[in-house]
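Colleague: Handing you this structure, nothing more for now.
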Amino acid sequence: MWHPSIIIIYLISYAYSVEIIPYKFHSDNDESINKCLQRAMEIISDETCLLFEPATILTDRNIEPILFMQSPFCSWQKSNQTMHLNGKCLNELSPPLPSLTLLSSSSSVSSWSDDACLAVLSHALSATDSSLPIRTQMIHLINTMYNCTEGCNMECENGGKVKNDCNCQCAYGFEGKNCEELSRRKLFTDPSCGIHSDEQGTVSLSTYPEGRTGATFCQWLIKSIPEKTIEFYIKDLDLDDDNVPPDQPCNDIFYIWGAKSIANPILCSTKDNLIGIRFESDSNWLLIELRTNPWSEGSHRGPRIKYRQVDAPYQRSLRAFTTDVIPSNASSNVPIFIILLLITLIR
């Protein structure tokens, strides 16, 4: 299993003054590494003004190419423009991103999706206050950094997508130029509903732990800063489940969007299995929705969810790269300013 986006993080951090980036592969590289890197480069070239060209084409341009070389360690050497990489350290740097279906080490590189190859790159290069689709994050930042005027620089938050006309197509529950507003906020029936951006906290109806009767419609949007995701635990989930057929939602319908590990709507027969389990959002937002049954004969507490902001998987991977992966005999070859530049980009 190879993860070229880890490598290209450092490639993009090295900012060329031209829009053509020359490269070459070491002759001893595994072909699987080269093919996966080439596919990632093609995606960038198709959607930005950057071009990746083999060094042989640029022999008359006096531009030193980046060399991708399979080595016993992983590091970026500015002195000779060499990116060292190997399967072991790349596997260690592949976090269990909820948005991906990770492959085993024996899986073919050709099975990797575009998102899988670009996931860590797109997160590491995200310098906006939004949670964009994986490819949109990467394309937006590159177009901004290199002044690619033909590309859209629109930022769509909360799962929104950039359309061809450079406007946002918002996901369910959102509206606004950048999909930053809750579209159904005027329908909320409880003061606890709305946006929650504290570093940690709890969301529940204002009447909790007392039960509530009648019709309730509430959405809680939990937001973190771009470099973080949301870790959350369902501590209580008291919904009207009277006479509910198997494999159906409860009479009180409950949704959680932004965490692909949870299927919507949540089934009544499995809701108790979610209590006490650790979940993590796919990016920096989480939308929770409760619609209660107005004809319920009893009162119910609704959900109670504890959350906190945590470092995103790519942040944890980058720490591992700088502290665990590079051996001491190679660390002296890694320029300090490259690490500082990468931190600046992430912020």
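Colleague: Assuming Cys152 fulfils every condition listed in (1) at pLDDT below 90; (2) surrounded by 15 or more Cβ atoms within 10 Å (Cβ to Cβ); (3) on the phi > 0 side of the Ramachandran plot apart from one, which condition is it?
Modeller: That leaves (3) as the condition not met.
Colleague: While we're on this one: Any idea which residue in the range 159-194 is surrounded by the fewest Cβ atoms within 10 Å (Cβ to Cβ), counting only those that are in the same structural domain as Asn284 (by TED's automatic domain parsing) and in contact with a helix residue (DSSP H, G or I) (Cβ under 8 Å, 6 or more places away or on another chain)?
Modeller: Among residues in the range 159-194 that are in the same structural domain as Asn284 (by TED's automatic domain parsing) and in contact with a helix residue (DSSP H, G or I) (Cβ under 8 Å, 6 or more places away or on another chain), the one surrounded by the fewest Cβ atoms within 10 Å (Cβ to Cβ) is Gly194.
The values are calculated or read from the model by the stated rules, or taken from the named source; none is laboratory data. Small disclaimer: the values here were computed from a predicted structure and weren't measured. Positions of Cβ are backbone-derived with ideal geometry, glycine not excepted, and every protein chain shown enters the neighbour counts.
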